[in-house]
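Worksheet for the structure shown next.
The values are calculated or read from the model by the stated rules, or taken from the named source; none is laboratory data. Treat the numbers as computed from the prediction; the structure is a model and nothing was measured. No Cβ is skipped: glycine too gets one built from the backbone with ideal geometry, and neighbour counts run over all protein chains shown. For accessibility, only protein heavy atoms count, side chains too; no ligands or nucleic acids. Shrake-Rupley method; radii C 1.70, N 1.55, O 1.52, S 1.80 Å.
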Amino acid sequence: MASSNAQTSQWWDHLQRLDGTRDLPQIARAAGRALVVLSAPYAQAMHHDLLALADTATDVVLIGGATDIEGIRRVPANAGLRHALGGTLTSLNVRMAASWLEHCTPGRLTDPPAQLRWENWVTQTARPERYDRRPVTDETVIAFIEKAKITSPGASRTGLLRQFRDEGMACEQKRFAGLYESTIGR
């Protein structure tokens, strides 16, 4: 994933210059529909192409994205669906797209009955993620790691972080990794 708007724009410009590529409106017109799955930064980099796609009057759905665009049915990313769809937030839009397709009427990406099925499912399924973990000192994290080294010698760093968080304590992944490395090593 690109780390800046400039990088995402460069990425998209590069793809557009590749030999044999077609732009989004051409693809949508040829297929009669388009399902586009984008994070907000990539949608921002492709905004002009998305506007052109909206003008094709084809059956278009944007999963994720950055903003609503007239002529495109946008399904914003919804972290509340992560527990139902599984996986990480990084890949949530892809899993949402798969679920969207399961709710679609065959041969169509957008139609009122499918949209209603999706909205009803989201209303019944979405659950906001809330973490009520307490902040702790580095010393507390290190003590946990040292104890875990004895009680769970084969546990991975990721597994220990999960266990740590499951015990109600807060620690950012990068911080935990640094403390783990300084305590146990790689």
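Could you calculate the contour length gain from A30 to R165, that is, 0.36 nm times the residue separation minus the distance between their Cα atoms, to one decimal place in nm?
Between A30 and R165, full extension yields 43.7 nm more.
Could you give the angle, 0 to 90 degrees to the nearest 10, between helix 112-125's Cα long axis and the longest principal axis of the Cα atoms of the chain?
Relative to the chain, helix 112-125 is tipped by roughly 10 degrees.
For helix 173-183, report the angle its Cα long axis makes with the longest principal axis of the Cα atoms of the chain; keep it between 0 and 90° and round to the nearest 10°.
30
Could you give the nm distance between label points at D132 and E146, where each point is 7 Å from its Cα heading toward the beta carbon?
Taking the two extended label points, one gets 3.1 nm.
Near the amide H of L109, under 5 Å away, which other amide H atoms are found, from residues 5 or more places off or on another chain, if H is placed in the peptide plane?
none
Taking loop as defined by DSSP and a crowding limit of 16 other beta carbons within 10 Å, which trypsin sites (Lys or Arg not before Pro) in segment 77-134 fit?
Listed in order of number, the matching sites are R108, R130, R133.
Within the accessible area of segment 80-186, what % is carbon and sulfur when the probe is 1.4 Å and the other protein chains stay in place?
Values: 3630 of 6890 Å².
On segment 80-186, the fraction of accessible area on carbon and sulfur atoms equals 53 percent.
Rg/Rh for segment 45-96: what does it come to with C-alpha atoms and Rh from Kirkwood?
Ratio value, two decimals: 1.04.
So what is the orientation-averaged projected area of segment 1-103, using the convex hull of its C-alpha atoms, in nm²?
6.9
Apply the Karplus parameterisation 6.51 cos²θ - 1.76 cosθ + 1.60, with θ equal to phi minus 60°, to every residue of segment 149-159 and state each ³J(HN,Hα) to the nearest whole Hz, in sequence, with x for glycine and proline.
4, 7, 7, 9, x, x, 5, 6, 4, 4, x
A98 to Q173: extension gain in nm, 0.36 nm per residue of separation minus the Cα-Cα distance?
24.1 nm
Based on a Kirkwood Rh over C-alpha pairs, give the Stokes-Einstein translational diffusion coefficient of the chain at 20 °C and viscosity 1.002 mPa s in µm²/s.
Estimated via Stokes-Einstein, D reaches 109 µm²/s.
Counting Lys +1, Arg +1, Asp -1, Glu -1, what net charge surrounds H83 among other residues with beta carbon under 10 Å of its beta carbon?
Here the count lands on +1.
Write down Rg/Rh for segment 4-57, rounded to two decimals, with Rg from the C-alpha atoms and Rh from the Kirkwood relation over Cα pairs. Provide the component values of the computation, followed by the final result.
Values: Rg = 11.3 Å, Rh = 11.7 Å.
Using only Cα positions, Rg/Rh for segment 4-57 is 0.97.
From zero outward in steps of 10 Å, how is the percent of C-alpha pairs of segment 99-186 spread across the bins?
Over segment 99-186, the share of Cα pairs per 10 Å bin runs 15, 33, 12, 15, 18, 7 percent.
Round to the nearest 10 and give me the degree value, 0 to 90, for the angle of helix 92-103's Cα axis relative to the longest principal axis of the chain.
Compared with the principal axis, the helix lies near 50 degrees.
If you take the alpha carbon radius of gyration of segment 75-145 and divide it by 2.2 N^0.38 Å, what ratio comes out, to two decimals?
Working: Rg = 17.7 Å, N = 71, 2.2 N^0.38 = 11.1 Å.
It is 1.59.
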